[in-house]
Amino acid sequence: MSIRPFIFRIAALILCVSLGLMLFRGIAALPVPEKVIGPASHYLARTARETGARNVVGAILFDYRAFDTLGESTVIFTAVCGIAMLFSRRKFHRSSSGLSFIAKRGIGIMVPFLLMYASVIILFGHLSPGGGFQGGTIFATVTVLLCVVYGSSFESQYFPPRTKDILESGGALLFSGIGLIGLAAGTGFLSNIAAGFPAGTFGSFLSAGSVPILNVAVGMKVGAGLSTIFYSMIKMLDAGHDHTEGGIPG
Amino acid sequence: MSLSFMIFLYVFLIATALVISAINDILSAVITLSVFGILLATAFAILQAPDVALTQAVINSGIVTALFLVAFSQTEKPECYSEEEEE
Amino acid sequence: MILLSYATSITIFCIGLYTIMTRRNLFKTLLGLALMESAVLLIIVSSGYIPGGVPPIAPFIGQAVNPLPHAFTLTAIVIGASDIALALAFIVKLHRHYRTVDLDRIRGLRG
């Protein structure tokens with residue numbers, strides 16, 4: 001009976017190796033491009049004129065393919081709803097003491113700079129690499145840090161779950177509202193320059209029409225969503241671990 | 001970037017993936033997943049993709065590792081099933 | 001160099017697949033899934049690389065790399081993180097119900 005797992009492992013190994021060889025033969029037959037062809041060449045050539053944004057990837061995500069970004073925000077929203085529903089039985093949180101005094105003071109000095117860093121990444125998403133997703137995740141990381149260092153009851157006192165709900169729904173409504181403005185102007189859902197948003201001067205902060213506003217909306221949504229996910233999973237941990245430090249042991 | 005540096009980075013990436021797959025302690029595997037995420041972000045930066053590198057570094061080495069650690073520490077505490085209703 | 005990236009990512013994909021197929025611990029399964037997702041991201045990004053290219057931030061100094069795979073990859077990273085979070089929530093609930101995260105024992109308890 002102890003030989004059957006061994007045979008299964010050998011068979012799995014043979015399957016994975018043969019699958020890898022066949023995949024490599026298929027992928028190596030693709031040609032290596034010398035220059036960009038297809039829709040990507042249109043995006044590279046026309047982004048500065050048609051959207052006014054410098055970051056081509058940000059312009060693709062929030063202007064040319066903004067509808068796909070709306071769908072992705074919905075995926076995050078669904079995951080947050082599912083997790084909050086799975087852990088909804090607990091409606092209480094005990095207090096935990098957090099880490100030592102030195103850690104608390106040190107992190108207390110660092111947190112404003114972290115928040116400023118996250119805001120810069122969101123707001124300058126149309127000029128340099130960055131955008132709503134990256135900055136929103138850094139906001140969520142700041143709340144994770146506060147949970148670990150100060151205890152989850154402190155974090156829920158300063159960022160209560162109702163505020164996170166309102167922020168997340170507000171981000172989704174802002175995104176849809178910008179789209180409906182384009183629809184009301186007669187040029188189509190989520191259109192940018194054609195709907196009347198000012199293009200501004202190329203390379204300045206106030207440019208690219210509705211791309212900064214969509215960045216802020218997505219940043220709010222992603223940040224609040226990921227923070228809610230973490231808080232749902234950690235609030236029960238503190239209930240049984242009053243003698244260890246913080247939310248994550250070790 | 002020189003080819004030898006790319007080869008070194010990719011060998012390191014494959015070695016980290018083997019460690020994640022083979023090690024038996026879950027905590028060490030999760031920390032190694034964080035290392036894997038940072039190495040992959042370096043590979044993305046060398047492939048001239050700064051947006052993707054930033055997103056990969058923040059999400060996979062920040063949020064996913066934290067969630068793994070929280071879930072893992074939930075499943076190793078002694079079972080306390082009497083607290084279905086509290087207060 | 002692009003062929004090297006393809007070979008590495010296919011190797012990591014197969015390592016992840018082997019981890020999912022042969023490991024009993026549910027956390028190991030999820031780590032294998034994370035490995036497979038990361039391998040696919042590397043394939044996508046390295047398919048848009050042009051040798052001697054610059055990042056796609058206007059104005060370009062030379063030939064810019066393909067920006068479309070970067071947009072796909074951003075979406076894929078965030079969705080991957082969401083589904084790993086949901087799977088972790090399921091594992092915690094399973095542990096609450098069956099008191100173990102060992103897949104063989106969970107299957108044995110049900111059958």
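Listing for the model above:
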item	result
Free-standing Cys, chain A [no other Cys Cβ under 4.7 Å]	A:Cys81, A:Cys147
Sites A:Ser176 and A:Ser153, calculated FRET efficiency, Cβ-Cβ separation with R0 41 Å, nearest 0.05	0.75
Cα-centred dipole magnitude for the protein assembly as shown, charges only on beta-carbon of K, R (+1) and D, E (-1), debye, nearest 20	540
Within a Gaussian network of chain C (alpha carbon springs, distance under 10 Å), most fluctuating of C:Tyr18, C:Tyr49, C:Tyr98	C:Tyr98
Pairwise Lys count, region A:31-240 - Cα closer than 24 Å, eight or more residues apart or different chains	8
Sites C:Arg24 and A:Ala185 - FRET efficiency at Förster radius 41 Å, r taken between beta-carbons, to 0.05	0.10
Relative contact order [Cα under 8 Å, 6+ residues apart], chain A, whole percent	28
Estimated inter-spin distance, A:Ala103 and A:Ser119, nm [label 7 Å along Cα→Cβ]	2.8
Normalised contact order of chain C, rounded percent, pairs of Cα under 8 Å and 6 or more residues apart	24
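Coordinate-derived values only; no laboratory data. Everything quoted here is computed from the prediction, not taken from an experiment. Positions of Cβ are generated from backbone atoms using ideal geometry, with glycine treated the same way; all protein chains shown enter the neighbour counts.
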